[in-house]
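Working notes, beginning with the structure itself.
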Amino acid sequence: MASEHTNGSLGGANGTGPTNKLLEKVVRLPGRQPSPQPTHLSVPGAMQPRVLHETGSGYVAPKFEGKAQQMDEVMDQVEEKGFIPGDLVENETKWFYNELGIDDMYFSTETVQNIVSQILSLYAAKVAAYARDDKKLEIRLDKEDADHAVYIDTSVPGQSSTGGSGFEARLEEKYLDGSRGERSYRVETFRSPSKLPGDDAQALRCYFVYLCHFQNPNPDPTETSIEILGDERFIQKTSENTRAIYQGVMDAVVSRTGPVIDMYDVEGMREKRLVVGFKQGSALGLFTALSDLYHYYGLTSSRKYVEQFSNGITIMSIYLRPSPNNAAKHPPIEASIHQVMKEVSLLYCVPQNIFRDHFKSGRLSLQESIYAHCVWVFVQHFLNRLGNEYNTLASVLDPNNSVHAEVLSKLKKRLRTETFTADYILEIINQYPDLIRSLYLAFANTHYVQTRGDQDDFLPTLSYLRMKIDRVLTDEELEDQISKAAVNQHHEMVMTAFRIFNKSVLKTNFYTPTKVALSFRLNPSFLPVEEYPQPLYGMFLIISSEFRGFHLRFRDIARGGIRIVKSRSREAYGINARSLFDENYNLASTQQKKNKDIPEGGSKGVILLDIQHQDKTTVAFEKYIDSIMDLLLPPTSPGIKDPIVDLHGKEEILFMGPDENTADLVNWATEHARVRGAPWWKSFFTGKSPKLGGIPHDAYGMTTLSVREYILGIYRKLNLDEREVRKLQTGGPDGDLGSNEILLSNEKYCGIVDGSGVLVDPNGLDRAELVRLATERKMIVSYDISKLSKEGYRILVEENSVTLPSGEVVNNGTTFRNTFHLREAEKFDLFVPCGGRPESIDFSSASRLIVKGKAAIPYIVEGANLFVTQEAKLRLEQAGCIVFKDASANKGGVTSSSLEVLASLSFDDESFLSHMCVQADGTVPKFYQDYVKQVQKKIQENAFLEFEAIWREHAETGVARSILSDRLSMAITKMDEELQGTELWDNVELRRSVLSDALPNLLLNEIGLEKILQRVPENYLRAIFGSYLASRFIYTMGISASPVSFFAFMNKRMAKVNGVH
């Protein structure tokens, strides 16, 4: 990290910021309206407490008529075993049956043999306790089967013990976390009222797990009745009042993104019933984490139920009462239950945070431990790993020297992977819980808002549980404290990163009562210029148990896709995690360069799934989007979405689109933005369904049209016959870019690489078969290999020890697939990457594509983002390869998205629905069809202009095309920004003339320029004005055009304005 100073960050941690701010002191923006919320919370103090008038748990098992007979059989078998003395058999058996609180449902479903085994085990534990010096009774009884499980142990009520049985975590991991569909499990657990011999503090706890048998395993997607969705045991055992409670939670949770949290008083008792509902699989580890949470606040549970429903909803019901052993140390349950309710949402975001042992032991509060978890993630990505020595070395070496460049590239990778690993950072942070508390207090002092004034019982540090109120340290005092406490320089660097994090956070949903993931809007000025030379405008960091993610943008108004990164192995995850931010930055930078023709700057969002949550694509995306919305939309009612401290102080709007693994999720994001009341919901996401006014890139080949224009340009300039060009493509017929490249091209395909493997035929792959796969969106595993020639072959990733027609043996199919594009054995004329991981060709591996100083593949058009590193491109160009980089070649998609947004901004809601939305019966509006054609034409026009400009500049200067592409982008972007700030915009006639040329004719004819000027925000119109003038000037006059050239260009434009020809 280059700097600890953050522009625009108000000093909450340095003693100058407001302390425990009240509502009126929070930055508020005029004109922003409340929005419906994604989660639901029963608000303490907002209404009369809801009281349960029924006594008991609300669960009553049907009477087991054969219980007495079964007990006789059990006693007989216990006696036969001979382990328990005969005169104690009856007492031990009756104790098990009558004193532990086990209901008849258990006895009616359990076998006599299993009951005997459990009675014997319990007696053995008593004998063992008698033999111990401390006479402590310790029971650890478990029995696990596929359809049910029983756990019985002893523990002290209200305490989380790191040395305990671990039964809760075990049953959760084995049964609850994996509950899906008909393999779902419900749990009943209670603390036995029976006293245990020898230890008044301990009590017996029983857990019963049952495989669900649903009333209706395959319900209608809109069904919400728990009578239809519930498990048979649940329906049998619950009272009408209890089912009504569950029904209320069900009705709320099906329409929400996050958890539903309700609380009820139990009449005549100090017991509270906490009910939490959420979608299955969205909060792994929550059952165990909840125990730690209420134990921390001096509460214990008398019984807990976890109910599953066949529509994928989980509802937990927890009966809480004051812990008998901690009453003097904690506030009354009436106060602490509110704390628990508020923090369930925080817990839901990260149920098993990396510092949970500190929380269990009481060294850190939940807020402090999750705060530390978030900074631990932050430090992994932003600790300045290269250091001054690397910067000095880089300044000495010649970047144009291939040997020097390769040394720097390898050194950078090694420094970033080996200096500060995630485990090493964790080891350091774990040693400083006292520092964490001080640093957290500074963070909370800046960002926590007291929503109930002086009556607010949730103080910003350790609630009211600390024996004293800690003083908020200034930033200088924190620096001094860290310096004195840290044992070495590495430790000081890591803990200093906490201060940098605190000063960089401009707003966060950390204290919002209802949230699904933690989001932080950061000021990116702390990034070192040496590593990130192009400054970011905005940065969001999002953290959840299933993922971590970023959203980066280079301008206030910016556009870019959201991609989800999956990892095949733990090793792959480690690599992806280390490169996550750099990949995101580079993708956004590429987007910034390719957005040269449109008003929006470049942005990108990347979501990295945790290694244990590779199947959570949808859950992660929904949490990512919703938590970012928390920071874009104003709050509503207190206790649901409390106001946040906004140190940025400006309204922000993000424009997003589909990318890897998110194409089928954008409809949800659009609808969700509408439901949450976002005024910009129509333009929030592009690539959505045509029914929502979207123009799908894949359906109309938008990205491919741009790529093809560059390929056709090469053929045109070099007079090549497309049908004779031997082509290699990564990214198969199942993908957007890959399938459309096949459908729109006519080359001789000799090799295709996709997720399933490698398909090769030197004589050309069968065209009709490739078209079939592309049309059906199937991988090459579905290719009919009978259509291969004798020299052709297919190697799938799961295949090993396969002999090729040449006699070469392929030992590992996955390795062969991953490196095939670097092979020398096969000969290709054109390589079009349409898919694959970033940096698949780097400076080192590029040498494998150079034979005797000459590029093995003459032409490369980079369809996939960042497939080839810039250093590798330059190395290949030096060897004679014609390379067109991603920022130029694949900009068709962003042009389509921009024009889609322009239409949504230009139409009012009614006209938008009639002109841009495909009807429910499939009817496509005539305007929509014509508009799509105009978008396609604009994409081809922009690509043609840029290709010609780069080709011309290269011929005149000899500068590498990859460098020219960047210079072209920077020149247009720079001029665009300058033009927006000039007085040219104030010339109304010029403004109208430029916008008339820049805006699609169809929109102008249908809506009219006047209405468009009224409806589209002025800053967006300015961006259109600047980008159009800048791109046309640079494309026409060249990258190095002089001010005189611009004068001539503008004279020509003004002549047009004045009607002079």
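Points worth noting:
- At R0 = 45 Å, FRET efficiency that the Cβ-Cβ distance of K329 and V675 yields, to 0.05: 0.55
- Estimated vicinal HN-Hα couplings, Hz - the stretch 474-483 in sequence order (Karplus 6.51, -1.76, 1.60; Gly, Pro = x): 6, 5, 5, 5, 5, 4, 5, 4, 5, 4
- Close amide H partners of G693, meaning residues 5 or more places away or on another chain with modelled amide H under 5 Å apart, are V918.
- Accessible surface of the chain, 1.4 Å probe: 50 percent of it comes from carbon and sulfur atoms.
- Taking a ≥ b ≥ c as the square roots of the eigenvalues of the Cα gyration tensor, the chain is prolate, since a/c reaches 1.5 or more and a/b is larger than b/c.
- For the stretch 524-675: rounded, prolate or oblate by the Cα gyration tensor [a/c cutoff 1.5]: rounded
- Of the trypsin sites (Lys or Arg not before Pro) found in the stretch 198-298, those that fall in a DSSP loop while having at most 15 other beta-carbon atoms within 10 Å are R270.
- With K and R counted +1 and D and E -1, the other residues having a Cβ less than 13 Å from that of A572 yield a net charge of +3.
- Between the alpha-carbon centres of the stretch 563-615 and the stretch 759-778 there is a gap of 30 Å.
- Of L176, P524, A856, farthest towards positive along the dipole that unit charges on Lys, Arg, Asp, Glu beta carbons give the chain: A856
- Interchain or long-range residues, amide H under 5 Å from L609's placed H: V565
- The stretch 331-384: C-alpha gyration tensor shape, a/c 1.5 cut-off, then a/b vs b/c: prolate
- Label-point separation, L913 to R767 (7 Å along Cα→Cβ), nm: 4.7 nm
- Working note: 222 nm ellipticity from helices only, DSSP H runs with n ≥ 4, each -39,500 (n - 2.57), summed and divided by the residues of the chain, gives -13500 deg cm²/dmol to the nearest 500.
- Dipole magnitude (debye, nearest 20) for the chain, charges at Cβ of Lys, Arg, Asp, Glu: 2600 debye
- Ordering L290, L411, L705 by accessible surface, largest first, gives L411, L705, L290; the 1.4 Å probe counts only protein heavy atoms, with every chain in place.
- Dividing the mean sequence gap of close Cα pairs (under 8 Å, 6+ apart) by how many residues the stretch 479-577 holds gives a relative contact order of 15 percent.
- Given K885/K938; K272/K304; K503/K604; K279/K515, the pairs whose alpha carbons are separated by over 18 Å: K885/K938; K503/K604
- Rolling a 1.4 Å probe across the protein heavy atoms gives the chain an accessible surface of 40 Å² per residue.
- The phi-based Karplus calculation (6.51 cos²θ - 1.76 cosθ + 1.60; θ = phi - 60°) puts the 3J(HN,Hα) values of the stretch 600-617 at 7, x, x, 8, 6, x, 10, 10, 9, 6, 4, 4, 8, 10, 5, 9, 9, 4 Hz, whole numbers, x for Gly and Pro.
- When S192, S1042 are compared by accessible area of protein heavy atoms, the largest-first order is S1042, S192, using a 1.4 Å probe.
- Gain upon complete extension [R1015, M1054; 0.36 nm per residue less C-alpha separation]: 11.4 nm
- Local electrostatic count, L290, Cβ distance below 11 Å [Lys/Arg +1, Asp/Glu -1]: -3
- Based on C-alpha pairs under 8 angstrom that are at least 6 apart in sequence, the chain has a relative contact order of 10 percent.
- Averaging the sequence gap over all C-alpha pairs within less than 8 Å and six or more residues apart, then dividing by the number of residues, gives the stretch 657-792 a relative contact order of 16 percent.
- Estimated vicinal HN-Hα couplings, Hz - the stretch 661-671 in sequence order (Karplus 6.51, -1.76, 1.60; Gly, Pro = x): 6, 10, 4, 8, 10, 6, 4, 4, 4, 5, 5
The values are calculated or read from the model by the stated rules, or taken from the named source; none is laboratory data. Since the structure is predicted, the reported quantities are computational estimates derived from the model, not experimental observations. Because the Cβ atoms are built from the backbone with ideal geometry, glycine has one as well, and the counts that use them run over all protein chains shown. Areas reflect the complete protein model, heavy atoms only, side chains present, ligands, DNA and RNA absent. Shrake-Rupley method; radii C 1.70, N 1.55, O 1.52, S 1.80 Å.
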